[in-house]
């Protein structure tokens with residue numbers, strides 16, 4: 001039986017594509033091991049999959065001053081030594097990395113141990129962790145055509161993002177019941193503000209809520225601590241701090257989505273052909289990757305984009321009306337995009353490197 005070490009962590013976006021690949025890997029007979037940080041979000045997500053998990057030391061490499069800049073390099077070195085030891089112990093045939101700083105020592109350890117590594121970059125421009133890991137990788141998978149120019153030509157492969165199979169089989173009726181919507185059927189607007197929510201999006205939605213409810217039932221994922229108690233019980237409006245497995249059913253029910261522009265999230269909207277309005281994190285709050293992601297999708301006709309600093313109640317209401325009116329254009333663009341079967345493409349790369 002061939003063995004694969006998977007790695008990636010720090011955010012759910014560095015883990016869920018790995019989880020999406022696992023069923024295909026198991027079907028091909030791969031024995032899966034996972035290396036992550038000791039207490040990162042990846043630990044719980046992977047252990048829930050009943051996959052053997054080992055934690056190593058992990059330090060963040062920052063481009064700005066922080067007192068931890070003096071200690072984290074030593075943690076990275078220690079993590080690298082631990083990863084080399086794990087390579088000798090597990091003896092994997094290949095490593096697959098989804099990024100995040102914990103993945104850097106694992107990929108570099110694989111190179112030292114002559115084990116092929118494949119990495120995946122979700123955003124248009126590689127983050128610092130993957131920029132370092134690219135040096136130890138045989139192949140670099142990516143989501144966007146624009147990313148190819150930032151990668152070594154002999155390593156770059158346009159694959160798209162692995163999408164969880166269950167995402168394609170959501171149950172609309174389950175979501176309708178969970179949300180407690182009235183018997184009167186209306187189109188459903190799904191608002192996804194991220195796990196922490198977005199104050200700008202939440203406020204804009206709630207200011208025009210009466211107007212939106214004239215045409216839509218609304219599912220509002222507003223983020224931890226952001227429920228509005230005054231709106232509890234509002235007919236046709238279901239607000240949640242956070243959902244997990246239920247999101248699959250909610251996406252199936254949605255006719256239109258408002259979302260941040262994280263690469264994995266928007267690739268899921270593309271795979272499901274959901275007309276969408278993207279409100280990317282501003283450059284002041286991030287390295288600007290969501291802005292680039294959103295602009296790429298807008299250029300391809302998949303999305304309508306609003307800059308976070310431009311979000312107002314009236315701007316949002318106008319965008320909802322426009323996108324819903326022209327929703328078939330967005331659906332057609334996504335349907336005709338030739339959305340790649342990313343799992344099959346990545347699996348073929350893995351099999352080629354483990355022959």
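The values are calculated or read from the model by the stated rules, or taken from the named source; none is laboratory data. Worth saying up front: this structure is predicted, and the values here are computed from it rather than measured. Neighbour counts are summed over all protein chains in view; Cβ atoms, including those assigned to glycine, are modelled from backbone coordinates with ideal geometry.
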Counting only residues in region 225-259 that are closer than 16 Å to residue 187 by Cβ and part of a loop (DSSP other than H, G, I, E, B), the one farthest from the chain's Cα centre (by Cα) is identified as 235
Scanning region 111-140 for residues that are within 22 Å of residue 280 (Cβ to Cβ) and within 18 Å of the chain's Cα centre (by Cα) gives 120, 121, 122, 123, 124, 125, 126, 127, 128, 129, 130
Practice item. For residue 257, indicate whether it is closer than 30 Å to residue 118 by Cα, in contact (Cβ under 8 Å) with a residue 40 or more places away in the chain, surrounded by 14 or more Cβ atoms within 10 Å (Cβ to Cβ) and in contact with a helix residue (DSSP H, G or I) (Cβ under 8 Å, 6 or more places away or on another chain). Key: no
With criteria (1) over 26 Å from residue 331 (Cα atoms); (2) at pLDDT below 95, residue 231 comes up short on (2)
Per the filter on region 9-47, residues modelled with pLDDT of 95 or more and part of a loop (DSSP other than H, G, I, E, B) are 28, 29, 30
Note on region 86-107: residues under 19 Å from the mean Cα position of the chain (by Cα) and assigned to a strand (DSSP E or B) are 96, 97
- Task: With the condition kept exactly as written, say whether any residue in region 283-301 is in contact with a strand residue (DSSP E or B) (Cβ under 7 Å, 6 or more places away or on another chain) and not in a helix (DSSP H, G or I).
- Result: no
inquiry  = Against the condition outside any helix (DSSP H, G or I), touching a residue at least 60 places away in the same chain (Cβ under 8 Å) and crowded, with 21+ Cβ neighbours inside 10 Å, how does residue 119 come out, does it pass?
reply    = no
Check: Does region 324-332 include one or more residues that are at pLDDT 95 or above, in a helix (DSSP H, G or I) and in contact with a strand residue (DSSP E or B) (Cβ under 6 Å, 6 or more places away or on another chain)?
Finding: yes
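Is at least one residue of region 129-136 outside any helix (DSSP H, G or I), surrounded by 16 or more Cβ atoms within 10 Å (Cβ to Cβ) and in the same structural domain as residue 12 (by TED's automatic domain parsing)? Can you show your working first?
Start the filter on region 129-136 by keeping residues that are outside any helix (DSSP H, G or I), which leaves none.
Within region 129-136 (the criterion being outside any helix (DSSP H, G or I), surrounded by 16 or more Cβ atoms within 10 Å (Cβ to Cβ) and in the same structural domain as residue 12 (by TED's automatic domain parsing)), the answer is no, since none of the residues qualifies.
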